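J.: This is the structure, below, for whatever I ask next.
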Amino acid sequence: YVAEKSVHYDSSGTSVTFIITDKKNNLSVNYHGVLPSLFREGQGIVVTGKLTNSDSLQADQVLAKHDEKYMPWPLAKELIQGEKNAT
C-alpha cells in the first residue's frame with residue numbers, strides 16, 4: 001500500500017517519491033513518469049524496479065490496483081443504457 005502522507009513530487013512534477021508499506025515494513029520508492037490515474041495514498045499498488053539499497057527502490061513501472069467491484073466507465077455506461085432499453 002502507498003503510505004499516507006508519503007507522496008512527494010519534484011518541482012517539475014515528473015518524478016515522485018513515496019513509501020510503500022505492508023503495515024510492518026516500509027520501502028521508499030523513486031519513480032520518473034506518469035502515475036496511473038488510480039494511484040493514491042492508502043491504495044494497493046504493484047511496483048517493479050531495482051533495489052538501490054535495503055530500503056529504497058528505483059521503480060520502472062507502477063501499477064495501481066483496484067477492488068473487484070471496479071468497472072471501467074465505458075462498460076458501466078453500456079450496462080446502464082442496456083437496463084434503460086430493457087424497461
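FYI, it's all coordinate maths here, none of it is from the lab. Model, not experiment: these values are computed from the prediction. Cβ coordinates were reconstructed from backbone atoms using ideal geometry, including for glycine residues, and neighbour counts include every protein chain displayed.
J.: What's the longest bit of the chain with no exposed GluC sites (Glu not before Pro), using DSSP loop states and at most 12 other Cβ atoms within 10 Å as the test?
T.: 5-67
J.: Could you run the Karplus curve 6.51 cos²θ - 1.76 cosθ + 1.60 with θ = phi - 60° over the range 33-49 and give me ³J(HN,Hα) per residue in whole Hz, x for Gly and Pro?
T.: Once rounded to whole Hz, the list reads x, 8, 7, x, 5, 7, 5, 6, 4, x, 8, x, 9, 10, 10, 10, x.
J.: Once you have the Cα-Cα distance between Glu83 and Val7, take 0.36 nm times their residue separation minus that, and quote the gain in nm to one decimal.
T.: Roughly 23.3 nm would be gained on extension.
J.: Run the dipole for the chain about the Cα centre, Lys and Arg Cβ at +1, Asp and Glu Cβ at -1, nothing else charged, and hand back the magnitude in debye, nearest 20.
T.: That gives a dipole near 80 debye.
J.: Starting from 0.36 nm per residue, how many nanometres of slack lie between Ser54 and Glu41 once their C-alpha separation is accounted for?
T.: This chain segment gains 2.4 nm when fully extended.
J.: Moving to a separate point now. What Kirkwood radius, in Å to one decimal, follows from the Cα pairs of the chain?
T.: 14.8 Å
J.: Could you give the angle, 0 to 90 degrees to the nearest 10, between helix 73-86's Cα long axis and the longest principal axis of the Cα atoms of the chain?
T.: Roughly 20 degrees between the two axes.
J.: A follow-up question, please. Taking only DSSP H segments of four or more residues, each worth -39500 (n - 2.57), what value at 222 nm results for the chain once the sum is divided by all its residues, to the nearest 500 deg cm²/dmol?
T.: Value at 222 nm, helices only: -5000 deg cm²/dmol.
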